[in-house]
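The values are calculated or read from the model by the stated rules, or taken from the named source; none is laboratory data. Note that this is a predicted model, so its numbers are computed, not measured. With ideal geometry, Cβ positions are generated from the backbone for all residues, glycine too; neighbour counts draw on all protein chains shown.
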Amino acid sequence: MRIVDYVKLAWRSIWERKGRTIGTIVGIIIAILALGTAMGVGNGFQQFFVKNFASIFGVNIVYVIPARHPLTDADIRMMESLPYVQQVVPVAITQGVLYVLGKPMMVSIIAISPRYLPRIFGTTSIKNIILQGQPVLTSGTALVGYYVAFTRTGQQIIFPGQRISIETRKGTYVTLTVSGVLVPAHVIAYVNPNIAIFVDYNTYFSLFSNKREYDFAAVYVYPLNKVDYVSKLLKKLFPEYEIFNPRAMLQSFENFIIALQMFLAFISGIGMMIVGLWMFDTMTISVVQRTREIGVLKAVGFSNRQIFLLVLSEAIVISLIGIVAGDAILIPASSFVKLSFGPGVAVPAIITPRTIVLVSLLPLVVNIIATLAPAYRASRISPLQALRTE
């Protein structure tokens, strides 16, 4: 017999038992929706976390944070000499009080070079981060964050060219000229650019700090697969410093997400087991009800193998109908599934090709395994036994 003959006979047979066939198909659809949604939520959460984690810390960056001893220019030069280090961005931070319209505002004063500033914002050109004014940082000038220049209601209170007064931790007052206003940005590593005032190193170390020391350094590594190697080198060179490798943390989280997805898949897979039991019950009853028919088929020349494959074909056809219908419903239905993490933050379920393949193969395999026993039983029915069956 050809494959098409098995399919035709199986198709005719399953629709002679419409009730059980439809019930089994519905069960397969429900199991696919449950498993696909669980995996989709896991995929969505993983992509959401990776995207936000990468935007905050960067996956090609290793952070060096002083513990007992401060970072100096000599330390920065040593880091820059390491293999695969593309750039080292030293950052010094202090707090100050900015007085605008007679009202105090707590701000971070950040020392950085203009050529390093795009790195902090995750872009390649300083022009991309300037909302107003000029991308200039010279002695006595400053670039201000978005929520320093604008109130939460959108009213602008600081403009390019304006002179601003800042009270330092030492109790002194520093006057700077605003050269530009920065675009809104996400919180990046240990820096919130929106409530910060950026100055060049000379301005910072002459007006805000007496010592040329840095609060941390961001070490940019290329290629990406050398991040762990550079991180180990830094730990050897600076054993008393804290070396933070976001990539390692990200990998640990991804392993956790994979484990979580497997757990969710296991829970949802219980539905697959129920579908398998339903298929076993359906095919067992079918074999019992068709004992005489199977006996006649064997009497006219059907072999044990052909009977076995015929019963197995019925299970495969039922499974494929349920799988196609389940996948067709899963893809559009997943767009309505969102996991909320607070106001304005919703993680959608993401159905990937890998998810589709898994939720398609699993019910097919489970149903084939569940049908093996009824198919074997059908293949062992003798024509004589069939004739005795009422």
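Could you tell me whether Lys236 is without any contact (Cβ under 8 Å) to a residue 24 or more places away in the chain, outside the structural domain of Thr168 (by TED's automatic domain parsing) and assigned to a helix (DSSP H, G or I)? When the stated conditions are applied, Lys236 passes them.
Selection of the range 66-77 for residues being surrounded by 15 or more Cβ atoms within 10 Å (Cβ to Cβ) and not in a loop (DSSP other than H, G, I, E, B) yields Leu71, Asp75, Ile76. So the check is Cβ under 6 Å with 6+ separation or different chains; which pairs have a first residue in the range 128-145 that's closer than 16 Å to Leu207 by Cβ and a second one that's assigned to a helix (DSSP H, G or I)? Listed by first residue and then by second, the contacts come to Ser139/Asn202; Ser139/Thr203.
Residue-wise test of (1) at pLDDT below 85; (2) assigned by TED's automatic domain parsing to the domain that holds Ala373; (3) surrounded by fewer than 15 Cβ atoms within 10 Å (Cβ to Cβ).
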{"site": "Val288", "(1), (2), (3)": "yes, yes, yes"}
{"site": "Arg292", "(1), (2), (3)": "yes, yes, no"}
{"site": "Ala299", "(1), (2), (3)": "yes, yes, yes"}
{"site": "Phe308", "(1), (2), (3)": "no, yes, no"}
{"site": "Leu312", "(1), (2), (3)": "no, yes, no"}
{"site": "Ser319", "(1), (2), (3)": "no, yes, no"}
{"site": "Lys338", "(1), (2), (3)": "yes, yes, yes"}
{"site": "Phe341", "(1), (2), (3)": "yes, yes, yes"}
{"site": "Ala346", "(1), (2), (3)": "yes, yes, yes"}
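Taken over the range 186-220, the criterion of being farther than 21 Å from Ile61 by Cα, hydrophobic (A, V, I, L, M, F, W, C) and assigned to a loop (DSSP other than H, G, I, E, B) is satisfied by Phe208 alone. Being β-branched (Val, Ile, Thr), surrounded by 20 or more Cβ atoms within 10 Å (Cβ to Cβ) and under 30 Å from the mean Cα position of the chain (by Cα) is a property that Ile126 has.
Among residues that are surrounded by 16 or more Cβ atoms within 10 Å (Cβ to Cβ), among the hydrophobic types (A, V, I, L, M, F, W, C) and modelled with pLDDT of 95 or more, Val174 is not included.
Taking the conditions (1) free of Cβ contacts under 8 Å to residues at least 24 places away in the same chain; (2) part of a helix (DSSP H, G or I); (3) under 30 Å from Lys232 (Cβ atoms) in turn, Gln47 satisfies each one other than (1). Looking at the range 113-134, which of its residues are touching a strand residue (DSSP E or B) at 6+ places or on another chain (Cβ under 6 Å) and part of a loop (DSSP other than H, G, I, E, B)? Result: Tyr116, Gln134. Is it true that Met106 is modelled with pLDDT of 90 or more, assigned to a helix (DSSP H, G or I) and of a type in the set (A, V, I, L, M)? For Met106, the condition - modelled with pLDDT of 90 or more, assigned to a helix (DSSP H, G or I) and of a type in the set (A, V, I, L, M) - is not met. A search for C-beta distances below 7 Å between a residue of the range 66-79 that is closer than 17 Å to Asn210 by Cα and any residue that is modelled with pLDDT of 85 or more and small (Gly, Ala, Ser), counting only pairs 6+ apart in sequence or on different chains, returns Leu71/Ala217.
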